[in-house]
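The values are calculated or read from the model by the stated rules, or taken from the named source; none is laboratory data. None of the values given here were measured: they were computed from a predicted structure. Every residue, glycine among them, receives a Cβ derived from its backbone with ideal geometry; neighbour counts consider all protein chains shown.
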Amino acid sequence: MIFNTDSGNIYYEVAGNGSPAVIFTHGGGLNGEMFRDQVEAVKDNHTTVIWDMPGHGRSAPLAANLDVPHTAGLLIGLMDKLGLDTAVLVGQSLGTYVSQHAAVDHPERIKAIVSIGGLPIDRPMNALELRTFKVLLAVSRFLPENLIFRRAAQEKAVTEAARSFFSASLQSMGKEQFLWMLGGQLDACDRTAAAPNQPLLIVNGEHEMPRSLLRANEAWHRSVPGSHYFVIPDAGHNGNQDNPEAFNARLLEFLADLECDAH
């Protein structure tokens, strides 16, 4: 289905029925298809939504760096279109930034956040990581896209299925859109915003790359009282795809806990 916005047509799909709704936001270079296993696991008891951010999948292309706070506004607009008063937001990597901005800007609409391989928006990336990111973006402008995409798929996933999906997603996106996306991700990493206050589940893959993400997420968990932290075994940055069974079990447990707390 298509949602017409000021950023062009946004592709989305809805499955299942039940409250709270669960909205899945993919990582950079990917698309909503990365959450197929999660939709199957959750839709019996929850309305589920997957969508493609601008420049990704079947949504409109980017003409400038992806604007993360604006993209969070598109997510809220999609909730309005679907008549969803509240939702749990599940984001992977870049999708985590979008989820957090939506939760800060519209706290009454977001019941909880699940972060997969993400970082908190209330603190910037450290200086060394930020410099490395900037160098990566600069160098990527001169490298063949096949080399960039193959390396990214190998670093971010550990199973062949997840790597193949990542590679195919990037190929369909193309280098120009990939660089617009990467520039937007760098912008998001280079600034801070208020922290969301909703219940939080922080998730990493056991073989997370870069490894500093594991330390950063452990610190994030320690800094947020009541937050939950889970390391997905036999998984990389795209942990929900590398080991969907383990991730789905923890996600369902988190959703059930939310329901218990609500009563």
Within region 138-162, of all residues that are in a loop (DSSP other than H, G, I, E, B) and of a type outside the set (A, V, I, L, M), the one nearest to Gly239 (Cα to Cα) is Thr159
Test: Gly77 is among the small types (Gly, Ala, Ser), farther than 24 Å from Phe178 by Cβ, modelled with pLDDT of 95 or more and part of a loop (DSSP other than H, G, I, E, B) | no
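Per-residue answers, yes or no, for (1) over 23 Å from Met181 (Cβ atoms); (2) in a helix (DSSP H, G or I); (3) in contact (Cβ under 8 Å) with a residue 40 or more places away in the chain:
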site	(1), (2), (3)
Gly27	no, no, yes
Leu30	no, no, yes
Phe35	no, yes, yes
Gln38	no, yes, yes
Val49	no, no, no
Ser59	no, no, yes
Pick from region 194-220, criterion polar (S, T, N, Q) and part of a helix (DSSP H, G or I), ranking: modelled with the lowest pLDDT = Ser212
Residue satisfying all of: in region 97-127; free of Cβ contacts under 8 Å to residues at least 60 places away in the same chain and either basic (Lys, Arg) or in a helix (DSSP H, G or I) (or both); nearest to Gly29 (Cα to Cα) among these | Ala102
Of the numbered conditions (1) buried (at least 18 other Cβ atoms within 10 Å of the Cβ); (2) closer than 29 Å to Glu245 by Cβ, Leu74 satisfies every one except a single condition; which is it?
-> (2)
Lone unmet requirement of (1) free of Cβ contacts under 8 Å to residues at least 40 places away in the same chain; (2) over 21 Å from Asp122 (Cα atoms); (3) in a helix (DSSP H, G or I) for Trp180 = (1)
Of those in region 3-24 that are more than 16 Å from Pro244 (Cα to Cα) and under 17 Å from the mean Cα position of the chain (by Cα), the residue surrounded by the most Cβ atoms within 10 Å (Cβ to Cβ) is Ile23
So which residues in region 221-242 are outside any helix (DSSP H, G or I) and either without any contact (Cβ under 8 Å) to a residue 12 or more places away in the chain or surrounded by 22 or more Cβ atoms within 10 Å (Cβ to Cβ) (or both)?
-> Pro225, Ile232, Ala235, Gly236, His237, Asn238
Which ones in region 1-53 are among the aromatic types (Phe, Trp, Tyr) and under 24 Å from Ala256 (Cβ atoms)?
-> Phe24, Phe35
Within region 243-263, count every residue that is in contact (Cβ under 8 Å) with a residue 24 or more places away in the chain, within 27 Å of Glu33 (Cβ to Cβ) and not aliphatic (A, V, I, L, M).
-> 6
Pick out the one residue from Ser164, Ser212, Ser169, Ser140 that is within 28 Å of Ser223 (Cβ to Cβ) and among the hydroxyl-bearing types (Ser, Thr, Tyr).
-> Ser212
For residues that are over 16 Å from Leu186 (Cβ atoms), crowded, with 22+ Cβ neighbours inside 10 Å and not aliphatic (A, V, I, L, M), tally how many sit in region 77-94.
-> 2
